[in-house]
Amino acid sequence: MSAPAPERSPEVVPVAGRRPLRVGRFSGVLRPRPLVVLVVTAAVLLLAAATNMGRGDYPIAITDVLATLFGGGDAGQQLVVLELRLPRTLTGALVGGALAVSGAILQSIARNPLASPDIIGVQWGAAASAVFVIVLGGGVAGVGGWFASLGIPLAALIGGLASATVVYVLAWRRGIQGYRLVLIGIGVQAVLVAAVQWLLTVAQIYQAAQAQVWLNGSLNARSWNEVVPLSIAMAVLVPLAFVLAHVLGGLRFDDDTARGIGIRVNGARTGLLFVSVGLASVATAAAGPIAFVALVCPQIARRVCRVGSPPLAVSMLLGAALTVVADLIARTALGAIELPVGIVTAVLGAPYLLFLLARARQEARA
């Protein structure tokens with residue numbers, strides 16, 4: 001009886017113009033442009049974060065900010081940087097990164113650049129739960145009182161997951177089709193928006209004002225209490241997203257083609273949707289619904305990197321940088337008046353949404 005032949009490692013298929021890369025059982029091609037974009041985006045994020053921590057009523061030079069982060073600085077600088085501005089900046093970066101990764105996954109699954117958590121109802125599900133707690137939590141026994149005991153962040157997390165579950169169940173027809181997912185998500189979002197408007201109508205003035213601030217997305221007064229749970233959630237969900245991301249390229253094709261190259265389409269979509277919804281829900285629970293970050297950043301990353309589907313790593317850093325820059329503008333642009341960061345991201349993102357709609361119309365005509 002002859003000994004079994006040793007298992008041969010699969011050959012790396014060369015791609016014209018690209019250098020093959022192999023690590024153990026994994027192989028691929030080296031794309032220099034996304035790596036360069038990744039490094040540049042990381043540098044922009046660090047510069048924006050340092051600037052954000054240095055600007056304000058108590059201005060601190062960027063060099064002093066960096067020295068304080070590494071243990072230097074006087075007592076006043078340590079208080080302002082480490083206890084006030086660093087937690088707020090980290091919350092903004094984590095929220096922006098989570099939303100951008102969530103949007104990149106949804107857009108790849110749906111094969112639609114308009115698919116994002118703030119379009120298909122995830123963020124509005126969280127918003128409806130939060131407004132419910134603010135308006136009815138203390139005045140209604142039973143469900144309202146029970147929800148109020150959870151607190152706004154946890155209620156928002158539950159609301160986001162619940163609305164995503166409803167969209168998933170309604171969109172399921174022997175699998176998930178991206179076009180149907182987006183349409184049903186828009187419909188569910190319309191219902192949630194109507195519910196929020198009704199809650200604001202019956203609310204007291206001070207309750208409506210509190211809810212309106214939350215609905216605009218704000219990083220004001222964010223502390224380590226938001227950074228710690230958000231970091232834990234992202235430490236679990238982001239690596240899971242990168243592990244599952246190897247099928248995103250295949251999901252850009254139709255279902256038969258994706259199955260032909262060995263992808264379990266329904267299982268892959270379900271797992272990726274779970275990660276995407278989880279990231280969007282924890283981000284919304286931490287800072288409220290911040291608009292357009294999940295929509296804009298993945299498409300900018302895809303176009304800058306010149307790849308077929310939104311790259312997760314570049315999208316995450318771009319979302320973090322955009323949110324930190326938006327927070328810097330919101331805090332300092334109008335002097336003593338501070339804007340909600342969601343208003344700034346909406347102003348920055350709305351023109352890009354119009355561009356996507358105009359481009360889609362041109363492509364449909366062609």
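In the context of the full set of protein chains, segment 195-237 has a per residue accessible area of 58 Å² (1.4 Å probe). Relative to the dominant Cα principal axis of the chain, helix 86-110 is inclined by about 40°. Axis angle, to the nearest 10 degrees, between helix 178-202 and the longest C-alpha principal axis of the chain: 10 degrees.
Counting only protein heavy atoms and a 1.4 Å probe, segment 238-366 has 44 square angstrom of accessible area per residue. Under the criterion of Cα pairs below 8 Å and six or more residues apart, the relative contact order for segment 268-320 equals 26 percent.
A compact globular protein would have a Cα radius of gyration near 2.2 N^0.38 Å; the ratio found for segment 144-294 is 1.20. Have a look at 34, 310, 298 and tell me which one the Gaussian network model of the chain (Cα, springs below 10 Å) gives the largest fluctuation. Ranking 34, 310, 298 by mean-square fluctuation puts 34 first. For the chain, the relative contact order is 27 percent, taking Cα pairs closer than 8 Å that sit 6 or more residues apart in sequence and dividing their mean separation by the residue count. Descending by average beta-carbon neighbour count within 10 Å, the peptides 103-113, 123-133, 225-235 line up as 123-133, 103-113, 225-235, the highest first. Take every Cα pair under 8 Å whose residues are at least 6 apart in sequence, average their separation, divide by the length of segment 31-174, and the relative contact order is 14 percent. The spread of Cα positions in segment 188-229, taken along each principal axis and listed from longest to shortest, comes to 33, 27, 13 Å.
The residue 78 and residue 333 beta-carbon pair, evaluated with R₀ = 41 Å, returns a calculated FRET efficiency of approximately 0.95. Carbon and sulfur atoms: what percent of the 1.4 Å accessible area of segment 221-266 do they account for? On segment 221-266, the fraction of accessible area on carbon and sulfur atoms equals 64 percent. Listed peptides 81-91, 185-195 appear in the order 81-91, 185-195 once ranked by packing, highest mean of other Cβ atoms within 10 Å at the front. As a calculated quantity, the FRET efficiency between residue 228 and residue 191 at R0 = 30 Å, using C-beta atoms, amounts to about 0.35. Inter-label distance, residue 61 to residue 179: 6.1 nm, where each label sits 7 Å from its Cα along the C-beta direction. Normalised by 2.2 N^0.38 Å, where N counts its residues, the alpha-carbon radius of gyration of segment 235-366 equals 1.22. Taking each DSSP H run with n ≥ 4 as -39500 (n - 2.57) and averaging over every residue of the chain yields -23000 deg cm²/dmol at 222 nm.
The values are calculated or read from the model by the stated rules, or taken from the named source; none is laboratory data. From a predicted model like this one, the values you see are computed outputs, not experimental measurements. Note that we place each Cβ from the backbone using ideal geometry, even for glycine, and neighbour counts take in every protein chain shown. SASA here: full protein model, heavy atoms, side chains in, ligands and nucleic acids out. Shrake-Rupley method; radii C 1.70, N 1.55, O 1.52, S 1.80 Å.
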